[in-house]
Amino acid sequence: MNCQQQIITRFMLAPQASYDKSHTRRVRQHISEDYRLKPAAVLIPLVPRHSSFSMIFTRRADHLKHHPGQVSFPGGRYEPQDLDLIDTALRETHEETGILCNRDSIIGQLPSLPTISGYIVTPYLSVISPNYRPELDPNEVDELFEAPIEHVLNPMNIRTQKVTLDGKIHNIYSVPFSKYSIWGATAQMLKVLSDQLWHEQN
């Protein structure tokens, strides 16, 4: 079994990790209990590179209302024409980046994550062709880049900052890579994926 197969097998067989409980508390401090979170989905695209994988990220357009300039995974909100949230993730990824992916390429998902912007986001992992050709939608995305999973999922590179809001302590995660800082919901997803894949090995 090669390294890529080992990573996929470990993800599929390992017990699913959980998000930091302080994140949900922080969301609930901004959103009332009776507010219905809107469903959304993102794709975590894994690209075979050498004997491992790289992960695709986008940098959101600077003019967007929500999280301008922030590094994220391609994705967006569920639309009525979508068959399900997998369809949402695939459609949004194609619209934002031009990357085509099919349902057969989905290898699993992470737990759904509530966000301060009022969404409940379900991340799906997918292996895509290393020969993909991005065509970015400038209305949504300013930039696309890859990062090796050995870097972004390495626990040594996942930084934790404790902040106090309304008397409660919250953990804020960030992952530096090259000129980028990955934080917010995307860093939460990386932390959970790191815990799930390599917790027992570190």
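Some values worked out for this structure:
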read-out: Karplus-derived HN-Hα couplings along segment 87-97 (A = 6.51, B = -1.76, C = 1.60, θ = phi - 60°), whole Hz, x at Gly and Pro; value: 4, 4, 4, 5, 5, 5, 4, 5, 5, 7, 10
read-out: Compactness of segment 50-184 - radius of gyration and Dmax, Cα, Å; value: 15.6, 49
read-out: The chain, relative contact order [Cα under 8 Å, separation at least 6], %; value: 26
read-out: Long-range HN-HN contacts of LYS38 with modeled amide H, under 5 Å; value: TYR119, ILE120
read-out: Heavy-atom accessible surface of the chain: percent carbon and sulfur, 1.4 Å; value: 51
read-out: Probe 1.4 Å - accessible area at LYS168, Å² to nearest ten; value: 100
read-out: Nitroxide proxy distance, nm - points 7 Å out along Cα→Cβ at ARG10 and SER51; value: 1.4
read-out: Largest to smallest accessible area among LYS191, LYS162 [probe 1.4 Å]; value: LYS162, LYS191
read-out: Heavy atoms of SER178: accessible area, 1.4 Å probe, square angstrom to 10; value: 110
read-out: Reference-scaled alpha-carbon Rg (2.2 N^0.38 Å with N residues) for segment 140-188; value: 1.34
read-out: Sequence of ASP195, ASP82, ASP62 when ordered by accessible area, the most exposed leading, probe 1.4 angstrom; value: ASP62, ASP195, ASP82
read-out: For SER126, residues with placed amide H under 5 Å, excluding near neighbours; value: ILE44, LEU46, ILE107
read-out: Approximate spin-label separation TYR180-LEU83, in nm, with each point projected 7 Å along Cα-to-Cβ; value: 2.9
read-out: Helical mean residue ellipticity (222 nm; -39500 (n - 2.57) per DSSP H run of 4+; nearest 500) of the chain; value: -8000 deg cm²/dmol
read-out: For THR88, net neighbour charge (Lys/Arg +1, Asp/Glu -1) across residues whose Cβ lies under 9 Å away; value: -3
read-out: Rounded to the nearest 10 Å², the accessible area of ILE172 at probe 1.4 Å; value: 40
read-out: Å² of accessible area per residue within the chain, as computed with a 1.4 Å probe and no ligands counted; value: 53
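The values are calculated or read from the model by the stated rules, or taken from the named source; none is laboratory data. Please read all numbers here as calculations on a predicted model, not as lab measurements. Note: ideal-geometry Cβ built from the backbone for every residue, glycine included; neighbour counts use all protein chains shown. These accessible areas exclude ligands, DNA and RNA; they are computed on the full protein's heavy atoms, side chains included. Shrake-Rupley method; radii C 1.70, N 1.55, O 1.52, S 1.80 Å.
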